[in-house]
Amino acid sequence: MAAPAAAPNPSPANDKRERILDAAVQVFAQRGFFQARVSDIAREAGVADGTIYLYFKNKDDLLISLFEDRMEGIIARFRLELDRLSGPAERLHRFIVMHLDLVEHQPQLAEVLTVELRQSSKFMREYRAPKFAEYLGILVDILESGRVAGVFRPDIEPRILCRVIFGALDEVSLVWSSARREKYAPAEAAREIWNLCARGLLTEAPPPASRRPRRRRETPPTDP
């Protein structure tokens, strides 16, 4: 799942900042946050070491800025895709598939967002992560709309359930992004998570999803 295309004719300053962020994804994924040096990122970006500090205060600030920038693109892509679907069940299924599709097809970015961010004490302890809250808000809105429409059970609590679903997605992402990858594909995990959600959420239990999920579907595999 690719992030939305950048605006045409970016300014030289924005172009240089984007090069630094792109380089940071590669260096953090390859070396890890602790082992990565600002000079490594500068070299990968093709800029002088001091140029990094024109845009970012330090390595932690660069990591947080990278998270915000990439999450903004991811959120825009999710909203665009999900707005094309009308039903809460279809939208929830698509959310699950898109999350794990990102993990599979942008592995370096997924490793930074799921593994390396946890290595920054500043991010974990001090940063409020508004973009992460916005991302979870998409999932809360899907669950709430399904509850109100009677598609999902009326006794669910969307704010809690969104954390449960994200926890499952995050765990699969973490395992896939680590060196100890298990033998299941993200698409297979998406199917299993959807099947579990469908049986716990839908007012009418659906048949199980296909054992051979397609990469892109506009509707969940629970339609009659």
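Below is a table of values for the structure above.
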read-out	value
Whichever residue in the stretch 99-126 is crowded, with 17+ Cβ neighbours inside 10 Å and not in a helix (DSSP H, G or I) and, among such residues, is modelled with the highest pLDDT	Gln106
Boolean, Gly32 is surrounded by fewer than 19 Cβ atoms within 10 Å (Cβ to Cβ), at pLDDT below 95, of a type in the set (Gly, Ala, Ser) and on the phi > 0 side of the Ramachandran plot	yes
Condition met for Glu72 (surrounded by fewer than 20 Cβ atoms within 10 Å (Cβ to Cβ) and among the charged types (D, E, K, R))	yes
Output for the stretch 15-28, where each listed residue is closer than 23 Å to Arg125 by Cβ and at pLDDT below 95	Phe28
Selection from the stretch 75-98 of residues that are within 12 Å of the chain's Cα centre (by Cα) and surrounded by 17 or more Cβ atoms within 10 Å (Cβ to Cβ)	Ile75, Phe78, Phe95, Ile96, Val97, Met98
Meets criteria (within 30 Å of Glu192 (Cβ to Cβ), within 15 Å of the chain's Cα centre (by Cα) and not assigned by TED's automatic domain parsing to the domain that holds Asp170) for Val115	no
So Glu144, is it assigned to a helix (DSSP H, G or I), at pLDDT 95 or above and not polar (S, T, N, Q)	yes
Conditions (1) touching a helix residue (DSSP H, G or I) at 6+ places or on another chain (Cβ under 8 Å); (2) modelled with pLDDT under 95; (3) assigned to a helix (DSSP H, G or I): number failed by Leu139	(2)
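The values are calculated or read from the model by the stated rules, or taken from the named source; none is laboratory data. Everything numeric here is computed off the predicted structure, so don't read it as measured data. Neighbour counts are summed over all protein chains in view; Cβ atoms, including those assigned to glycine, are modelled from backbone coordinates with ideal geometry.
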